[in-house]
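Notes follow once the structure below has been shown.
The values are calculated or read from the model by the stated rules, or taken from the named source; none is laboratory data. All values derive from a computational prediction rather than experimental measurement. Cβ placement follows ideal geometry from the backbone for every residue including glycine, while neighbour counts extend to all protein chains displayed. Accessible surface is based on the protein model in full, side chains and every heavy atom, while ligands, DNA and RNA are left aside. Shrake-Rupley method; radii C 1.70, N 1.55, O 1.52, S 1.80 Å.
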Amino acid sequence: MSLSRGFRNCNPLNIRRGRDQWQGQAERQTDAAFVVFKSMEWGWRAAFKLLTRTYYHKYRLYTIRMIIQKWAPPHENNTEAYSMFVSKLAGIPPDEPIGIPMESPARWMMVAAAMAIQENGTSDIDYFAMLRGWTLSRESIAEN
């Protein structure tokens, strides 16, 4: 069985390529649309940076529904189904605030894991890499 695109790219949330140069980004970007990372830890780190720094702190998106509406907009996805899937897996109602990232890290990790399952079509996630990615995301708060 072949790996999903997100897992092949070590990019569990399928972060699109853009102006940002991420720490842990692979030298060779072999995917025209999505960032390729050196390892899954770096892909998780970038995902947590986007979710907690950009979406939570910058855009003030505090709920699963608010986050998914921006992450997977209706013109590209079935946003409502995506939100409900993440909500169900994470065990957090779609309109309930997830919490302050530093005070509720487990809730943020559950949301990210559910998003990765939605994005990749499988629950075969390396949770140790995810935890290392969370740690990496907390070590360098100001950097991409």
Full extension from residue 106 to residue 89: what is 0.36 nm times the residue separation minus their Cα-Cα distance, to one decimal in nm? 4.8 nm
When mean projected area of the Cα convex hull in nm² is calculated directly from the model, which label among (i) 10.6; (ii) 13.5; (iii) 8.3 fits? (iii)
Checked against the positive end of the charge dipole of the stretch 22-78 (+1 on Cβ of Lys and Arg, -1 on Cβ of Asp and Glu, about the Cα centre), the farthest of 68, 32, 54 is 54
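Take peptides 22-34, 38-50 and line them up by average Cβ neighbours within 10 Å, highest first, as a rough protection proxy.
Peptide ranking by packing, descending: 38-50, 22-34.
Hey, what D do you get for the stretch 82-144 in µm²/s if you plug the Kirkwood alpha-carbon radius into Stokes-Einstein at 20 °C and 1.002 mPa s?
Approximately 171 µm²/s, per Stokes-Einstein.
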Heavy-atom accessible area per residue, the stretch 1-80, 1.4 Å probe: how many Å²? 55 Å²
For the chain, what does the relative contact order come out to in percent, with C-alpha contacts under 8 Å and a separation of six or more? 29 percent
Test of understanding: what is the full-extension gain from residue 123 to residue 38, defined as 0.36 nm times their sequence separation minus their Cα-Cα distance? 28.5 nm
List the residues whose amide H sits under 5 Å from the amide H of residue 34, counting only those 5 or more places along or on another chain, with H placed 1.01 Å from N in the peptide plane. 17
Under the 7 Å Cα-to-Cβ spin-label approximation, residue 80 and residue 19 lie apart by a distance in nanometres of 3.5 nm
Report, to the nearest whole %, how much of the accessible area of the chain belongs to carbon and sulfur atoms, 1.4 Å probe, protein only. 53 percent
